[in-house]
Amino acid sequence: MKKDAGVLAVLTGGGDCPGLNAVIRAVVKTAFQNGYKIYGIANGFHGLITGDMKLMTPHDVSGILPRGGTVLGTTNRDNPFHYASGEDANGEIIYKDMRDVIVNNLKAYKVDCLIVIGGDGSLKIASELSANCGVNVVGVPKTIDNDLPCTERTFGFDTAMAMATEALDRLHTTAESHHRVMVLEVMGRYAGWIALHSGIAGGSDCILIPEIPYDLDSVIKKIEARRKQGKQFSIITVAEGAKPVGGDITISRIVKNSFEQIRLGGVGEKLARAIEEKTGIESRCTVLGYLQRGGSPTAYDRLLATRYGVAAVEACIKGKYNVMVALQADKIITVPIAKAASEPHFVPVDSDIIRAGRHIGINFGD
Ligand code: F6P
């Protein structure tokens, strides 16, 4: 085993996601084998501000490959450039830019490169640290939403899609028994990847995604047409970011201190009520929620997460900093982190997957 190659640190930022532990495991093992010291930072950028980091060895990651969540902890609230550091006399939150604290902590631990496993918020922070604070970073694309640019897949997506597909299978049997319309609301923020993939895999009759604003009458027509064919039930998969033509997204809450403050949710219930009102068919909504994020990653996600973790350390070995590891044409490559922190990756409306759905009679609300 090599010795004294340098010092790395790893953190997980943003919402948790199946496969985070598989990346951490791969990072720690690869770093260790190549002679690096590797620090695990607790709770995302929060731990980097408070200096909450500890040395890790392969022993610390033993057995975590199939485990959901992250052994390092995470948060999607602590933006280090706009960090809630107390309250003023009027009870107003005081925000501070903590970049100097981060830089000093990394220097104190002699960290050569910071590996950031995160979604768009964490990768934007990483990009800013590399561009303007002199910190070497390598990003790993994490999110169940699959909405990051420059990569064909984020780890976690496959597990969320599998979970949603299983939910659709289960909804079919109860919908059929009760002659109901069942709406399944899935996550995905402003992109429809989870809804599209699980909707097709789970045999939905309608799939509503943010990229194609929906017309309620079109959805109703599909349900009525099925009724005429003797199908007394219908299954609708709706992405939390879906919106009607000329209408708006449905917001469930605002999370202050978060990089992205809007949380979506509620469109499924609205839709179920409107369908029941217009058709007279009993309609129910299921919000799949955090079940998509929790639990054990699929084999695909474990493999992808492992490849990403190894590639992140390989980039450090080569001194190829300020990049994100990515999947393109089933090869792991690196792309500049600035590009990875750019516009989200939406479902192309002319995608062959949507075309396939249309050919088999799925209604996309248009
Ligand atoms: O980005 C992952 C995700 O699960 C989205 O699909 C969802 O909109 C959001 O995070 C929920 O965030 P929170 O954990 O803050 O409720």
> Rounded to the nearest 20 Debye, what is the dipole magnitude of the range 1-73 about its Cα centre when Lys and Arg each give +1 and Asp and Glu each give -1 at the C-beta?
Replying inline: 260
> If you roll a 1.4 Å probe over the heavy atoms of the protein chains, what accessible area per residue do you get for the range 159-293, in Å²?
Replying inline: 44
>> Let me make sure I get this right: for the range 1-91, a, b and c are the square roots of the gyration tensor eigenvalues over alpha carbons, sorted descending. Under 1.5 in a/c it's rounded, otherwise prolate if a/b > b/c, else oblate. Which is it?
In response: oblate
> Which links in Lys222/Lys278; Lys37/Lys124; Lys3/Lys37 stretch past 18 Å when you go from one Cα to the other?
Replying inline: Lys37/Lys124
> Amide H to amide H, which residues 5 or more places from Val323 or on other chains are under 5 Å from it, using H placed in the peptide plane?
Replying inline: Val137, Gly139, Ile337
>> With θ taken as phi - 60° and the coefficients 6.51, -1.76 and 1.60, list the Karplus ³J(HN,Hα) couplings across the range 23-29 in order, rounded to whole Hz; mark glycine and proline as x.
In response: 5, 4, 4, 5, 5, 5, 5
> If you line up the long axis of helix 216-228 against the longest principal axis of the chain, both from Cα atoms, how many degrees apart are they, to the nearest 10?
Replying inline: 50
>> I need the per residue convex hull volume for the range 201-256, using only the alpha carbons, in cubic angstrom as a whole number.
In response: 106
> At a Förster radius of 22 Å, what calculated FRET efficiency corresponds to the Cβ-Cβ distance of Asp100 and Gln261, to the nearest 0.05?
Replying inline: 0.35
>> What is the angle, in °, between the Cα long axis of helix 120-132 and the longest principal axis of the Cα atoms in the chain? Nearest 10 is fine, range 0 to 90.
In response: 30
> Residue by residue through the range 47-58, which ³J(HN,Hα) values in whole Hz follow from phi under the Karplus form 6.51 cos²θ - 1.76 cosθ + 1.60 (θ = phi - 60°), with glycine and proline marked x?
Replying inline: x, 6, 6, 8, x, 8, 9, 9, 5, 10, 10, x
> Which lysines does Lys320 reach when only Cα atoms under 16 Å apart count, and residues fewer than 8 places away in its own chain are ignored?
Replying inline: Lys339
> Whose amide H sits under 5 Å from the amide H of Val183, counting only residues 5 or more places off or on another chain, with H placed in the peptide plane?
Replying inline: Ile236, Arg284, Cys285, Thr286
>> Among Ser122, Gly63, Val111, whose Cα projects farthest towards the positive end of the dipole of the range 59-132, with charges put on the beta-carbon of Lys, Arg (+1) and Asp, Glu (-1)?
In response: Gly63
> Roughly speaking, what is the stretch gain from Ser252 to Ala5, that is 0.36 nm per residue apart minus the C-alpha to C-alpha distance, in nm to one decimal?
Replying inline: 84.2 nm
>> If you wrap a convex hull around the alpha carbons of the range 159-293, what volume per residue comes out, as a whole number of Å³?
In response: 99
>> Rounded to whole Å, give me the distance from the Cα center of the range 126-182 to that of the range 79-108.
In response: 30
>> With both bridge residues required to lie in the range 48-154, what share of the DSSP beta bridges run antiparallel, to the nearest 5%?
In response: 40
> Where the accessible area of the chain is counted over protein heavy atoms with a 1.4 Å probe, how much of it, in %, is carbon and sulfur?
Replying inline: 51
>> To check my understanding: the extent here is largest minus smallest coordinate of the Cα atoms along each principal axis. What are those three numbers for the chain, in Å, largest first?
In response: 72, 54, 33
> For Glu166 and Ala89 in one chain, what is 0.36 nm times their gap in residues minus the Cα-Cα distance, to one decimal in nm?
Replying inline: 22.6 nm
>> What do you get for the angle between helix 99-108 and the principal long axis of the chain? Use alpha-carbon atoms, 0 to 90 degrees, nearest ten.
In response: 50
> For the range 243-307, which trypsin sites (Lys or Arg not before Pro) are in a loop by DSSP, counting at most 10 other Cβ atoms within 10 Å?
Replying inline: Lys256
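The values are calculated or read from the model by the stated rules, or taken from the named source; none is laboratory data. Keep in mind the model is a prediction, meaning the values are calculated, not measured. Don't worry about glycine lacking a Cβ; one is built from the backbone with ideal geometry, like all the others, and counts go over all protein chains shown. Just so you know, the surface numbers come from the protein's heavy atoms only, side chains and all, with ligands and any DNA or RNA stripped out. Shrake-Rupley method; radii C 1.70, N 1.55, O 1.52, S 1.80 Å.
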